[in-house]
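*Asks:* The following block contains the structure, expressed as structure tokens.
All of the numbers you see were taken from the coordinates with simple rules; none came from a lab. Note that the structure is predicted; figures quoted are calculated from it, not measured. All Cβ positions, glycine included, derive from the backbone under ideal geometry; neighbour counts span all protein chains shown.
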Amino acid sequence: MSKKKNVAIIENEDSLFRFADKTDARESEKIIAPRYSYWKSVFRVFFRKKVNWIMISLLILIFLTAFIMPFLWEYDPMENVADSKTFNLSPAKAMDYFGGFSFKYCLGTGALGNSILYGIVASSRTSLSLAFICAAINMTIGIILGAVWGYSKKIDAVMLVIYQIVANVPYLLVVSVIVYIMSAGFWSLIFALTVTGWLGIAYFFRTQVMIIRDREYSLASRCLGTPINRMVSKNILPFITSVIVTLLATELPSYISAEVFLSYLGIGLSADVPSLGRMIQQGQTAFRTFPWAFWPPVIVAAMITIILYVLGQNLADATDPRTHML
């Protein structure tokens with residue numbers, strides 16, 4: 001019985017295979033395999049973590065509040081400046097003074113009777129806009145120039161000299177001098193943060209490109225006469241996607257931190273532009289006496305920074321091909 005069963009098993013296994021039709025050579029060369037999409041696999045790995053869903057939900061909530069609510073809530077920091085009784089009111093006292101529960105004064109009032117909540121909403125929009133504009137400018141210039149810089153030896157010789165000169169000057173000193181020259185303002189701060197901010201990114205990508213530049217497929221493309229722009233766009237940039245996302249994860253929070261720090265020092269944005277840094281600066285003088293004016297903007301600034309960093313790091317891990325190999 002055992003021999004008959006073995007024979008039956010062998011026959012069943014043989015029935016799973018069939019000879020290819022020799023009359024059609026192309027069909028016999030085809031290999032049937034499941035289709036693979038890199039970005040589909042990236043997002044599958046990324047959304048597998050529950051913490052990413054939580055962070056995305058919080059980020060969407062912050063974005064909707066920061067960019068939509070100001071159109072419904074008009075923030076005027078001088079709204080109650082003529083009434084000294086509204087200055088530095090706690091949430092409970094502010095709602096009692098303004099006639100019961102009010103969403104506008106649920107976090108109390110500031111030194112000029114301004115709504116802390118409305119100020120945080122308007123300030124968050126300023127900080128987020130600043131961060132994304134600066135990141136878009138610096139990352140775009142830095143990635144493109146860094147890719148060409150690392151591939152071309154002629155450009156490398158020139159850019160190294162420029163980098164060694166600029167890198168020896170403290171970055172915050174350059175930003176401070178430019179803001180002083182151009183006067184404080186939203187676009188002047190963006191110019192100050194981007195005029196040399198791309199150089200460090202470009203140098204970082206130069207080293208990454210130099211690693212990939214001398215690999216076999218790049219050498220083969222170079223021997224075939226492939227143009228530099230095609231070499232960069234097809235052979236180099238696709239292999240450093242995870243590196244780009246990782247760097248972006250650190251760049252976005254850094255601009256928010258820079259804005260908060262510079263506004264805290266009084267050299268960031270002008271007084272008419274609401275910002276988290278300026279609110280922290282105004283609240284830190286009496287944060288023990290009026291903590292409701294200091295801690296809410298600090299917590300919001302920390303939340304935005306942490307959310308962007310965590311999402312960026314997890315997306316960087318998901319874009320690494322080693323995390324979703326078939």
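*Asks:* List the residues whose amide H sits under 5 Å from the amide H of GLY185, counting only those 5 or more places along or on another chain, with H placed 1.01 Å from N in the peptide plane.
*Replies:* SER270
*Asks:* Among all stretches of the chain without exposed chymotrypsin sites (Phe, Trp or Tyr not before Pro) (DSSP loop, at most 16 other Cβ atoms within 10 Å), which one is longest?
*Replies:* My reading of the result: 102-286 is the longest stretch.
*Asks:* Within the chain, how many lysine pairs that are 8 or more places apart, or on different chains, have C-alpha atoms less than 30 Å apart?
*Replies:* Lysine pairs meeting the criterion: 11.
*Asks:* With unit charges on the beta carbons (Lys and Arg positive, Asp and Glu negative) and the dipole taken about the Cα centre of the chain, which residue among GLY108, ALA271, LEU315 sits farthest to the positive side?
*Replies:* Checking the options against the dipole of the chain, the answer is LEU315.
*Asks:* So, one more: May I have the extent of the alpha carbons of the stretch 61-192 along their three principal axes, as whole Å values ordered from largest to smallest?
*Replies:* The Cα atoms of the stretch 61-192 stretch 71, 31, 19 Å along the principal axes, largest first.
*Asks:* Along each principal axis of its Cα atoms, how long is the chain end to end? Whole angstroms, biggest number first, please.
*Replies:* Its Cα atoms span 98, 64, 31 Å along the three principal axes.
*Asks:* How large is ³J(HN,Hα) for each residue in the stretch 189-205, as worked out from phi by the Karplus curve 6.51 cos²θ - 1.76 cosθ + 1.60 (θ = phi - 60°), to whole Hz, x for Gly and Pro?
*Replies:* 5, 4, 4, 5, 7, 10, 5, 10, x, 6, 5, x, 5, 4, 5, 4, 6
*Asks:* While we're looking at this one, here's another question. Taking trypsin sites (Lys or Arg not before Pro) that fall in a DSSP loop and have at most 14 other Cβ atoms within 10 Å as cut points, what is the longest piece of the chain between them?
*Replies:* Result, exposed sites excluded: 50-214.
*Asks:* Now for a separate question. What is the Cα centroid distance between the stretch 253-326 and the stretch 113-171, reported in whole angstrom?
*Replies:* Their Cα centres are 16 Å away from one another.
*Asks:* Each label point is 7 Å from the Cα along the Cα-to-Cβ direction; what then is the distance between the points at VAL169 and ILE155, in nm?
*Replies:* 2.3
*Asks:* Right, next: Taking other Cβ within 10 Å of each residue's Cβ, how do SER233, SER263, SER221 sort, fewest first?
*Replies:* SER233, SER221, SER263
*Asks:* Another question, if that's okay. With axes computed from alpha carbons, what is the tilt in degrees of helix 153-167 against the longest principal axis of the chain, rounded to the nearest 10 within 0 to 90?
*Replies:* Once rounded, the angle reads 30 degrees.
*Asks:* Taking the dipole about the Cα centre of the chain, with the C-beta of Lys and Arg at +1 and of Asp and Glu at -1, give me whichever of PHE191, ILE60, LEU224 is farthest to the positive side.
*Replies:* Towards the positive end, the residue furthest out is LEU224.
*Asks:* Fewest first, what order do CYS106, CYS223 take by the number of other Cβ atoms within 10 Å?
*Replies:* Sorted ascending by nearby Cβ count, the order is CYS223, CYS106.
*Asks:* Assuming 1.306 mPa s and 10 °C, estimate D for the stretch 229-326 with Stokes-Einstein, Rh taken as the Kirkwood radius over Cα pairs, in µm²/s.
*Replies:* Working: Rh = 15.8 Å.
After rounding, the answer is 101 µm²/s.
*Asks:* With charges only on Cβ, +1 for K and R and -1 for D and E, what is the dipole size of the stretch 103-220 about its Cα centre, in debye, rounded to 20?
*Replies:* Details: 7 positive and 3 negative charges, 22 e Å.
Once rounded to the nearest 20, the dipole reads 100 debye.
*Asks:* Based on the Cβ-Cβ distance of ASP96 and ILE162, what FRET efficiency does E = 1/(1 + (r/R0)^6) give at R0 = 56 Å, to the nearest 0.05?
*Replies:* Working from the Cβ atoms, E equals 0.35.
*Asks:* How large is log10 of I(q)/I(0) for the stretch 191-257 at q = 0.23, 0.24 Å⁻¹ when the intensity is taken from the Debye formula with one equal scatterer per alpha-carbon?
*Replies:* Each listed q maps to, in turn, -1.00, -1.05.
*Asks:* Right, here's the next one. Given q = 0.23, 0.25, 0.30, 0.31 Å⁻¹, what are the Debye log10 I(q)/I(0) values for the stretch 171-210, with equal point scatterers placed on the Cα positions and solvent ignored?
*Replies:* Rounded to two decimals, the profile gives -0.67, -0.73, -0.91, -0.95.
*Asks:* Could you put MET279, MET55 in order, starting from the residue whose Cβ has the fewest other Cβ atoms within 10 Å? Each step should come with its number before you reach the end.
*Replies:* On the way: MET279 28, MET55 18.
Ascending number of Cβ neighbours within 10 Å: MET55, MET279.
*Asks:* Specify whether the C-alpha gyration tensor of the stretch 157-303 places it in the rounded, prolate or oblate class, a ≥ b ≥ c being the square roots of the eigenvalues: rounded for a/c under 1.5, otherwise prolate if a/b is larger than b/c and oblate if not.
*Replies:* Note, shape of the stretch 157-303 comes out prolate.
*Asks:* Using the Cα centre as the reference, give the magnitude of the dipole from point charges on the C-beta atoms of the chain (Lys, Arg: +1; Asp, Glu: -1; all else neutral), rounded to the nearest 20 debye.
*Replies:* 1100
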